[in-house]
Structure formats: C-alpha cells, structure tokens
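Here the structure is laid out as structure tokens; the discussion comes afterwards.
The values are calculated or read from the model by the stated rules, or taken from the named source; none is laboratory data. All values derive from a computational prediction rather than experimental measurement. Cβ placement follows ideal geometry from the backbone for every residue including glycine, while neighbour counts extend to all protein chains displayed. Accessible surface is based on the protein model in full, side chains and every heavy atom, while ligands, DNA and RNA are left aside. Shrake-Rupley method; radii C 1.70, N 1.55, O 1.52, S 1.80 Å.
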Amino acid sequence: MLKMRIVSSKEDLKRCLKLINRIIPARPTHSILSNVLLRAKEDKLVMVASDLSTTIIIDCPCTVKSEGEITVSAKMLSDIVSKLSCDDIVTGK
C-alpha cells in the first residue's frame, strides 16, 4: 500500500518527468532502469533515474502530506500525468 501522499501541480510534475525521461534508456539492460525513484520528504518530491553511467536527481516542488518512497515506470507515470485534466495531482488517500 502506498503511504506516500503528495499534492503537486500537473505542470511541475510534467516538467520534472520530462527531464527524467531524457535519462531513461530506450532498451534498458535491467528493467529497474526504466523506473524513476520517487521520494517524498520535507516539501519536495525527489526524483532519481539512472542509465548506470549517468544519474539525474531532480527536486520537484510539492506539498508532502505523508513521506515515503516508491519506484514506478517513468514512461507510464509521464503518460498518466499528461492525460489528466486537473491542475493539481494528489497521490494516496
């Protein structure tokens, strides 16, 4: 169960995920390399991705309601965020 809870603007998430997706390999040697690590702490969402030779760490502004971390498919998350019609995105319950 995802205990991490954040509130972020759609535009902030799209901007951060666009940068993250630049580092995600098209054909990763390990499946975990197609994921992004999301770490909610303090007042930011830290996104981490790597292709084993380069790592990118991005602090995405958000309101953290409950701290936590998870890895998810970077492409899938980007697709979902871009298709949402709301201005603010809330994760968790």
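Some notes on this structure:
- Applying a 4.7 Å Cβ-Cβ cutoff to the chain, the cysteines left without a disulfide-compatible partner are C62, C86.
- Protein accessible area in the chain, 1.4 Å probe - carbon and sulfur %: 53
- Mean shadow area of the chain over all directions, Cα convex hull, nm²: 5.7
- Ligands, DNA and RNA are left out, and with a 1.4 angstrom probe the accessible area of the chain is 64 Å² per residue.
- Euclidean distance of C-alpha centroids, segment 1-24 and segment 51-86, integer Å: 3
- Using the Cβ-Cβ distance between L52 and D12 with R0 set to 35 Å, the FRET efficiency works out to roughly 0.80.
- Residues whose amide H comes within less than 5 Å of that of C60, counting only those at least five positions distant or on another chain, are L45, V46, M47 (H built at 1.01 Å from N in the peptide plane).
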